[in-house]
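> Shown below is the structure under consideration.
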Amino acid sequence: GVEAWFMDSSDEDQRKPHRLNPNQPVSLDELQKLGVFYWKLNADIYETDPELEQIRKDQGYSYMDIITIHKDKLPNYEEKLKMFFEEHLHVDDEIRYILDGQAYFDVRDKEDRWIRISMRKGDLITLPAGIYHRFTLDETNYTKAMRLFVGEPVWKAYNRPADDFDIRQKYVASLQGS
Ligand code: KMT
Ligand code: NI
């Protein structure tokens, strides 16, 4: 399964794991309560994978593209990495499938603590619209990811604070009782 943990609060290199000592793991169940969903797939066959096809069909992920995050491959690499690591939300779900390499997604829990989710080859994750999150490469400095979307993609990110947004209020309300 996916590995996740509560982060320490040191401002050391964002690419380091930032585990607490002792490590405080976060289960898939806890992630689901935050609206975060996860699948493990075989990334070696992503071009023809029937499992991926089924998920896309079931979830309505009509759009897809592939982004390679590496200093020699991504235009405006430094600037983009900086943007990805700013705490933000989107008005749609963020769906990412790691095809190669690895990276971290950080999400806020109900008590506003950072949870770091280790994303490796074969991991597909959906972050719900309205959740505060951020993204970073790890110390390997490379990942290739499929970006999926329901309909025409909207990449716009709203940096925190975005608490007055309808989608944020809707998300916060959805956490009640979970
Ligand atoms: C986002 O909005 O957080 C991103 O697109 C992250 C980088 S894509 C692997
Ligand atoms: Ni995002």
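> Of 158, 46, 104, which has the most accessible area with a 1.4 Å probe, and how do the rest follow in descending order?
158, 46, 104
> Given that compact globular proteins tend to follow 2.2 N^0.38 Å, what is the ratio of the alpha-carbon Rg of the chain to that value?
0.99
> When the accessible area of the range 27-122 is computed with all protein chains present and a 1.4 Å probe, what percentage of it is carbon and sulfur?
47 percent
> So what's the back-of-envelope 222 nm ellipticity for the chain, counting only DSSP H runs of four-plus at -39500 (n - 2.57) apiece and dividing by all residues, rounded to 500?
The helix-only estimate for the chain comes to -5500 deg cm²/dmol at 222 nm.
> Please find the FRET efficiency linking residue 10 to residue 73, where r is the Cβ-Cβ separation and R0 is fixed at 30 Å, and quote it to the nearest 0.05.
0.50
> Based on Cβ point charges of +1 for Lys and Arg and -1 for Asp and Glu, what charge dipole magnitude is obtained for the chain about its Cα centre, in debye rounded to the nearest 20?
20 debye
> Then there's this: Accessible area of residue 84, 1.4 Å probe, to the nearest 10 Å²?
Solvent-accessible area, nearest 10 Å²: 50 Å².
> When you count, for each residue, the other Cβ atoms within 10 Å and take the mean per peptide, how do 126-134, 22-30 rank with the highest first?
Taking the mean over residues of other Cβ atoms within 10 Å, the ranking is 126-134, 22-30.
> Here is a follow-up. 7 Å from Cα along Cα→Cβ at both residue 49 and residue 139: what's the point-to-point distance in nm?
Modelled inter-label distance: 2.7 nm.
> Work through the residues other than residue 161 whose Cβ is under 13 Å from its Cβ and net out their charges, Lys, Arg +1 and Asp, Glu -1.
Local net charge: -2.
> Then there's this: So if I take the centroid of the Cα atoms in the range 38-108 and the same for the range 111-178, what is the distance between those two points in Å?
So the separation of the two Cα centres works out to 11 Å.
> What accessible area per residue, rounded to a whole number of Å², is obtained for the chain using a probe radius of 1.4 Å?
For the chain, the per-residue accessible area is 55 Å².
The values are calculated or read from the model by the stated rules, or taken from the named source; none is laboratory data. Just so you know, these numbers come straight off a predicted model, no measurement behind them. Glycine also receives a Cβ, built like all others from the backbone with ideal geometry; neighbour counts cover every protein chain displayed. Just the protein is used for accessible areas: all its heavy atoms, side chains included, with ligands, DNA and RNA removed. Shrake-Rupley method; radii C 1.70, N 1.55, O 1.52, S 1.80 Å.
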